[in-house]
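Rule-based calculations on the coordinates, nothing more; no lab input. Please read all numbers here as calculations on a predicted model, not as lab measurements. All Cβ positions, glycine included, derive from the backbone under ideal geometry; neighbour counts span all protein chains shown.
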Amino acid sequence: MQRVMDCIQIETGMPLEIPILIRGAANAMDALFSTFLLSTSSTGLLSGKNRTLIYPMKPFAPAPAAPVILNVETREKQEHEASISKSTYSLPGAIHSSCLVHCPGRTHQQFIDPPHLRSSVDPRHVLSDNWAPVNELPPTTCPVIRGAIPACLRGGAYIRNGPNPQYLPRGPHHLFDGDGMLNALLLPRNGDGTAPATLCSRYVRTYKYLLERDAGGPVLPNVFSGFHGVAGIARGAVVAARILTGQMNPTAGVGLANTSLAFFGKLSMGMTAHPKKDPVTRELFAFRYGPVPPFLTYFRFDAAGKYKTGEDVPIFSLAQPSMVHDFAITERFAIFPDIQIVMKPMDMVAPGRGSPVGSDRGKVPRLGILPKYARSDAEMRWFEVPGFNLMHALNAWEEGEDTIVLVAPNVLSIEHALERMDLVHSSVEMVRIELRSGAVSRTPLSAENLDFGVIHPGYVGRKNRFAYLGVGDPMPKISGVRKLDFSLCGRGDCVVAARDFGPGCFGGEPFFVPAGPNRGEEDDGYVMLYVHNEDNRESKFIIMDARSPQLDLVEEVILPSRVPYGFHGLFLTQDEIKAQRPH
Ligand SMILES: [Fe+2]
């Protein structure tokens, strides 16, 4: 197998290891496969594989003379030319790949797949506007056009993950099916606005990405859309044949790595996109889930990033395979959701379905509370919370000995979560669970459609006051940012600061960076994200003052290339980058 780059370099001589933790909604089936494979093999699935080289070039490539806009048409043309070139000059490879890769796939799309696709899997709809994929971008300078860079951010990098299919789909394609691409912006060390920032976009070098790159076309079926009807069965049969003939090694992982990323030690298994780092103990808590028992497994890493071998806690009390995208921790507990999004493997081959994940409105959602250092599932307590479907958690903490408080967006229209995301409304709620009595109460914090939220990382698992969330308009497009004040719970709408991006402008999940390394005022810091203008196709990066009522802009960077919408991201400080060394 081709060697995989195992580090990220922000600058040459400044290597940065970014273990990419990868799971999530976009990877529900990814986790599904990973967990399944782990149960049949002790081989690490993702160790050293889901990593990518962000800034490999020295010196930095010069900025293009004009903004480079790569769109669907450009990609189609490039791929068409590439396919002609490959078939002309690489006959042995072409035979190998065309027999088992290209012919079946094209046949499916041209002769078997139905001509009309649901909008959720119609690439003409799913990959429109700024969801259209872009090519990789070498390090490219871009001017800072507004303000000075805050001292805490200088020399740091904002990196955001998102789905960006390597090959344009010729058939059904769900938004969650694209290969992971990291769009990273390195901020200058000079904060006076005279030095440029540097943008770089790279695919995560997953096994799937490398396999398909070398094959010159799609190999693995799309997880959320690739199992439609007869064509889906045919695709599955082709994959099975490739495994049996040794052309594919599924134990290397088949994930997309398109959801999120995290910053800590090596990863050697499937894992949630939303691990939780305890700010006091520095331990990392996480889980994986899948379609075969145990449907959920909880595990952790020590402060040095070392996996606590032998301390996995299989959660057999989760009786049905369900989507567990996120969870929360407190000082003493881990809190898991059991929601109405479930796995239905048989739906992969059912007429008109084609996805192994769907909603079950007859199921009563639950929250499970497990001691953080539990040795077994016997210590888990489940609490029914009818109508509460948690996809993302903001935070949780304890009040006294017996009360757990959880704050999270509740997806009110869960049946639309996969098929009509534009109809989803997420209401942020504070949930109180009384451990002794079992009583559960819920209080909405805002009437707005809010999700993709973050808090100050120093308050994870501890009582906190503020969160920053994206405004769905409609989901998953984000038209603004709202700051919530949890202390106002029960006294009306808790939004205390707001910024809208303007007509035709949409962003993604905001990320909060504290102004200083010590835990001072909770909202003393900055909120950042990419914003795209769909009218002029310009992308920019903005930084906002988290304490100002209008979330005032303190910096804007015009990007030299379009950055597609995506999911989750993070910011690494200059010191964090410096501290990294490649293996
Ligand atoms: Fe997520």
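Eigenvalues of the Cα gyration tensor times 5, then square-rooted: what semi-axes does that give for the range 437-476, in whole angstrom, largest first?
Working: eigenvalues 97, 63, 13 Å².
That gives 22, 18, 8 Å for the three semi-axes.
For the range 362-486, the equivalent ellipsoid derived from the Cα gyration tensor has semi-axes of 26, 18, 12 Å, listed largest first.
Using only C-alpha positions, report the orientation-averaged shadow area of the convex hull of the range 450-566, nm², one decimal.
Taking the Cα atoms of the range 450-566, their convex hull projects to 7.7 nm² on average.
When the alpha-carbon atoms of the range 471-529 are used, the pair Rg, Dmax equals 13.4, 38 angstrom. Rule-of-thumb check for the range 371-436: C-alpha Rg over 2.2 N^0.38 Å? Normalised Cα radius of gyration, the range 371-436: 1.33. Rounded to whole numbers, the Karplus 3J(HN,Hα) couplings from phi for the range 374-391 are 4, 9, 7, 5, 4, 8, 7, 10, 9, 10, 6, 9, x, x, 10, 10, 8, 9 Hz, using 6.51 cos²θ - 1.76 cosθ + 1.60 with θ = phi - 60°, and x at Gly and Pro. In the structure shown, the pairs Lys276/Lys483; Lys306/Lys363; Lys208/Lys578; Lys363/Lys463; Lys208/Lys306 are assessed against 28 Å; a Cα-Cα span above that value is assigned to Lys306/Lys363; Lys208/Lys578; Lys363/Lys463.
Taking 8 Å as the Cα distance limit and 6 or more residues as the minimum spacing, I'd like the relative contact order of the range 450-566 as a percentage. Before the final figure, lay out each step's value.
Details: 266 pairs, mean separation 23.2, N = 117.
This gives 20 percent for the range 450-566.
Can you sort Glu384, Glu538 so the residue with the fewest Cβ neighbours within 10 Å comes first?
Working: Glu384 12, Glu538 15.
Ascending number of Cβ neighbours within 10 Å: Glu384, Glu538.
Restricting the calculation to Cα atoms, the range 292-346 yields a radius of gyration followed by a Dmax of 13.0, 41 Å.
If each residue's Cβ is checked for other Cβ atoms within 10 Å, how do Met181, Met421 rank with the fewest at the top?
Numbers: Met181 28, Met421 18.
Ranked by crowding around the Cβ, least crowded first: Met421, Met181.
Across the range 282-295, coupling constants 3J(HN,Hα) worked out from phi with the 6.51/-1.76/1.60 Karplus curve, θ = phi - 60°, read 6, 6, 10, 10, 7, 7, 9, 9, x, x, 10, x, x, 5 Hz, and Gly and Pro carry x.
At a Cα cut-off below 12 Å, give the aspartates and glutamates reachable from Lys372, other chains included and same-chain residues fewer than 8 away excluded. Output for Lys372: Asp278, Glu283, Glu311, Asp312, Glu331. Its relative contact order, with pairs defined as Cα atoms under 8 Å and 6+ residues apart, puts the range 116-221 at 32 percent.
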